[in-house]
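Structure record follows, encoded as structure tokens.
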Amino acid sequence: MALSARLELRVGQSLVMTPQLMQAIKLLQLSNLDLVAYVEQELEKNPLLERADTPEPAVDGEAAEAAPAAAPGDAQDGDWLGDDIGNSRTEIEERLGTDLENVFPDDKGPEAKHVDAASDPMTSSWANVGSGGSDNEDYNLEAFVSADLSLADHLSNQLTLAVETLSDRLIGQMLIDSVDDAGYLTVTVEDVADRLGAEVADVESVLEVIQSFEPSGVAARNLAECLAIQLRDKNRFDPAMQVLVAHLDLLGKRDFAGLKKLCQVDDEDLADMVSEIRRLNPKPGLAFGFAPVQPLVPDVMVRAGPDGGWIVELNTETLPKVLVNQSYYARVSKTARNDTEKTFLADALQTATWLTRALDQRARTILKVATEIVRQQDAFFALGVQYLRPLNLKTIADAIGMHESTVSRVTSNKSIATSRGIFEMKYFFTSSIASSEGGESHSAEAVRYRIKQMIDAETPEDVLSDDAIMDRLKEAGIDIARRTVAKYREALRIPSSVQRRREKQAMAV
């Protein structure tokens, strides 16, 4: 068969991901904080973009209209002083009929009294306060605010006073640098000794000194040592307490019978010891260096409407507002001198126009998806979590005519404010559990809520096992397996029925 070249015409479809489309997809999944940061970057790069509340920038050659100057003869009393600010001192004296030498002494004159700020404490203090300690006229209150003290700085300050030799200070500083935010030592004594070429006994000695610092329990290697340090500082580390701290695993399992046998104490003494343990701080380092908590700002707000429905609206405070300054572009484009400047202005206009459209489309898409979520989960907003329906991305996508990936991006990093609290949009998408009676399926989140309600209503005499919870759920029409009940219980961080029974009986005593 001979090879030959020929022409063919084919018709096909393909999706071309333009840079604008890729950026639009990226904008959909950004949170409100990330979106504000992105828009701020665009405002810095693009001269044609401006905030909605920013006045139009002035162009060279334009000047504000000046107020007409008043005639000298029409001046009111006191106005002439501003007009004749350049007049000589003699002319002002003639008008006032007063010798200004007696009223306002000339600082530059030979008879002027020189006030030394250093010798006058009142003058010096007021001068510093008024100037903020510098030549800048702005008074900055933030200059007087102390910085947050970190745990490492707090320990280093104590190390300087507690240790004398340079070698011990070097060992102590390395140990302090190895303490995590919770206050625990993250390296072994042997590792520090090997890295510094020191003796293990010397490192142990410095570690004991650091463990005596405030906060109590810092630089411990495990939870038992942390609690032991705090108990020793309170003079409560007796032999019975030592045994209790050494068997924290039994305390976690609520095996009070085994603890009483090991500690050789009665019920009352064990209850006092457990109460003492609970009053201790298992993470002493968290008291330092806390960053301020940033409140969660919702993207969408839902409130009850007057007609019994729900009003869904965007939180406009989270939406950056930018405009394209067309008039500024029209004036500046006339002064473009070469093709490079013209290309830059054209690209800037295209980018600015695209960004405003993309932000508008993003807001519309979020509102459309949120409205459909509220419509699908109407029972949740009206009655509570137990009425949450099973929901997936495909259901929302089919209802609003969009792709599942678009709905997934919209619901990422977004939250809805409701009368029941602020929830992430992903919260409303839960898997389904079949009904034992062949009816409508149940939401996994609603089933978890029912399990929590059952366990909260337990009594010391009637503690529900996983099998009992499964039976009760099946009686309520929920077809669920025992292992699924155990999985949901563990996800809620609820201990087993044996541990719960021990804890309730101990609390009853």
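The values are calculated or read from the model by the stated rules, or taken from the named source; none is laboratory data. Being a predicted model, the structure only gives us computed values, none of them experimental. Cβ sites come from the backbone with ideal geometry, for glycine too, and all protein chains shown count toward neighbours.
Observations on the structure shown:
- Within the range 1-54, being without any contact (Cβ under 8 Å) to a residue 40 or more places away in the chain, assigned to a loop (DSSP other than H, G, I, E, B) and closer than 30 Å to E341 by Cα holds for V16, M17, T18, T54.
- The lone exception for L244 - which of (1) touching a Cys at 6+ places or on another chain (Cβ under 6 Å); (2) outside the structural domain of D181 (by TED's automatic domain parsing) it fails: (2)
- Positions within the range 149-162 being of a type outside the set (S, T, N, Q) and under 16 Å from V179 (Cβ atoms), in sequence order: L149, L151, A152, D153, H154, L155, L159, A162
- Entry remark, the range 320-355: residues being under 30 Å from S405 (Cβ atoms) and without any contact (Cβ under 8 Å) to a residue 40 or more places away in the chain number 3 in total.
Residue by residue, here is whether (1) hydroxyl-bearing (S, T, Y); (2) modelled with pLDDT under 75; (3) over 41 Å from the mean Cα position of the chain (by Cα) holds:
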position: E8; (1), (2), (3): no, no, yes
position: Q13; (1), (2), (3): no, no, yes
position: K26; (1), (2), (3): no, no, no
position: P47; (1), (2), (3): no, no, no
position: A63; (1), (2), (3): no, yes, yes
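- Flag for A291 being modelled with pLDDT under 85 and surrounded by fewer than 16 Cβ atoms within 10 Å (Cβ to Cβ): yes
- From the list L359, L345, the lone residue that is touching a Ser or Thr at 6+ places or on another chain (Cβ under 7 Å) and assigned to a helix (DSSP H, G or I) is L345.
- Restricted to helices (runs of 4 or more DSSP H) entirely inside the range 162-256, those with at least 2 residues that are touching a Gly at 6+ places or on another chain (Cβ under 9 Å) are 200-210, 223-233.
- Subset of the range 459-481 (residues that are of a type in the set (D, E, K, R) and within 38 Å of the chain's Cα centre (by Cα)): D466
- Of all residues in the range 476-509 being closer than 12 Å to V447 by Cα and among the hydroxyl-bearing types (S, T, Y), the one that is surrounded by the most Cβ atoms within 10 Å (Cβ to Cβ): Y488
- V369 of a type outside the set (D, E, K, R), surrounded by 17 or more Cβ atoms within 10 Å (Cβ to Cβ), within 33 Å of the chain's Cα centre (by Cα) and part of a helix (DSSP H, G or I): yes
- Looking across the range 301-322 at every residue that is more than 18 Å from the chain's Cα centre (by Cα), outside any loop (DSSP other than H, G, I, E, B) and surrounded by 16 or more Cβ atoms within 10 Å (Cβ to Cβ), the one that is modelled with the lowest pLDDT is identified as V322.
- Selected residue (only one of L388, L473 is buried (at least 17 other Cβ atoms within 10 Å of the Cβ) and farther than 30 Å from E313 by Cα): L473
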